[in-house]
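The values are calculated or read from the model by the stated rules, or taken from the named source; none is laboratory data. All values reported here derive from a predicted model rather than from experimental measurement. Don't worry about glycine lacking a Cβ; one is built from the backbone with ideal geometry, like all the others, and counts go over all protein chains shown. Remember, those area values only see protein heavy atoms, side chains included, never the ligands or the DNA or RNA. Shrake-Rupley method; radii C 1.70, N 1.55, O 1.52, S 1.80 Å.
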Amino acid sequence: MPEVWMRGPVADVPALLQPVAHALLQAQEEIHALVSGFPDELLWQQPAGVAAVGFHLQHITGVLDRMYTYAAGQALSEAQLAYLSAEGKPAGDLISLLTAFDTRLQTFVDQLKNIDESNLTAARTVGRKQLPTTLIGLLFHAAEHTMRHTGQLHVTVRVIQHLF
């Protein structure tokens with residue numbers, strides 16, 4: 001099967017945001033294939049001190065949530081800050097981590113469908129320091145950051161499978 005971006009547009013996602021949706025859906029497919037059958041007891045292993053498989057799953061989920069909050073022009077909630085501080089701490093099994101990831105990713109793609117392309121260059125800020133960016137910058141960052149961690153996850157899973 002071709003990669004997601006070669007399967008045509010994602011229904012109802014604005015044209016300029018198709019690359020965001022494609023990258024996120026591609027990451028989702030790759031992650032599921034990669035961790036299929038991965039044992040729960042190895043989720044938090046950190047070979048050579050790299051981030052654990054569980055961390056990557058938690059972090060991608062959290063990043064998608066946080067980036068959309070900023071894209072909506074909002075500050076992070078207390079619950080989001082608590083989630084951020086808990087990233088990397090062992091919690092849940094593979095199924096629960098994947099379920100949270102899938103739910104958040106689908107929500108993000110659904111939220112893309114409601115974005116007016118004429119607002120993509122609108123100013124946005126990030127974090128407590130209110131660092132400047134744009135709506136499109138946040139959305140693309142969510143996609144590229146997800147793919148960055150997907151790549152790291154590929155390596156970590158392979159190393160763990162080799163070592164254990």
Filter result (open to solvent by less than 50 Å² (accessible area, probe 1.4 Å) and either under 21 Å from Trp5 (Cα atoms) or among the aliphatic types (A, V, I, L, M) (or both)) within segment 146-164: Thr146, His149, Thr150, Gly151, Leu153, Val157, Ile160
Here is a list: Ala122, Ala71. Which entry is touching a residue at least 24 places away in the same chain (Cβ under 8 Å) and open to solvent by less than 40 Å² (accessible area, probe 1.4 Å)? Ala71
Out of Leu42, Leu34, Leu16, report the one residue that is more than 19 Å from Val159 (Cα to Cα) and of a type in the set (A, V, I, L, M). Leu16
Here is a check on your reading of the model: is Arg66 basic (Lys, Arg) and open to solvent by less than 30 Å² (accessible area, probe 1.4 Å)? yes
Members of segment 127-145 that are small (Gly, Ala, Ser) and either surrounded by fewer than 18 Cβ atoms within 10 Å (Cβ to Cβ) or over 16 Å from Pro14 (Cα atoms) (or both): Gly127, Ala142
Does Val109 satisfy the criteria of being within 23 Å of Ala21 (Cβ to Cβ) and surrounded by 14 or more Cβ atoms within 10 Å (Cβ to Cβ)? yes
Condition first: farther than 25 Å from Leu25 by Cβ and among the small types (Gly, Ala, Ser). Now tell me which residues in segment 74-101 satisfy that. Ala75, Ser77, Ala79, Ala82, Ser85, Ala86, Gly88, Ala91
Right, Gln58: open to solvent by 10 Å² or more (accessible area, probe 1.4 Å) and within 15 Å of the chain's Cα centre (by Cα) or not? yes
Could you tell me whether His32 is within 30 Å of Lys129 (Cα to Cα), part of a helix (DSSP H, G or I), open to solvent by 20 Å² or more (accessible area, probe 1.4 Å) and touching a residue at least 40 places away in the same chain (Cβ under 8 Å)? no
Answer yes or no as to whether Arg124 is within 11 Å of the chain's Cα centre (by Cα), within 25 Å of Asp12 (Cα to Cα) and at pLDDT 95 or above. no
I'm trying to understand the selection: among the residues of segment 1-27, which are open to solvent by 20 Å² or more (accessible area, probe 1.4 Å), under 21 Å from Asn119 (Cβ atoms), in a loop (DSSP other than H, G, I, E, B) and among the hydrophobic types (A, V, I, L, M, F, W, C)? Val10, Ala11
If I filter segment 143-163 down to residues being under 11 Å from Pro47 (Cα atoms) and of a type outside the set (A, V, I, L, M, F, W, C), which single residue comes out as farthest from the chain's Cα centre (by Cα)? His162
State which residue is modelled with the lowest pLDDT when the search covers only segment 38-48 and only residues that are closer than 13 Å to Leu163 by Cβ and open to solvent by less than 60 Å² (accessible area, probe 1.4 Å). Pro47
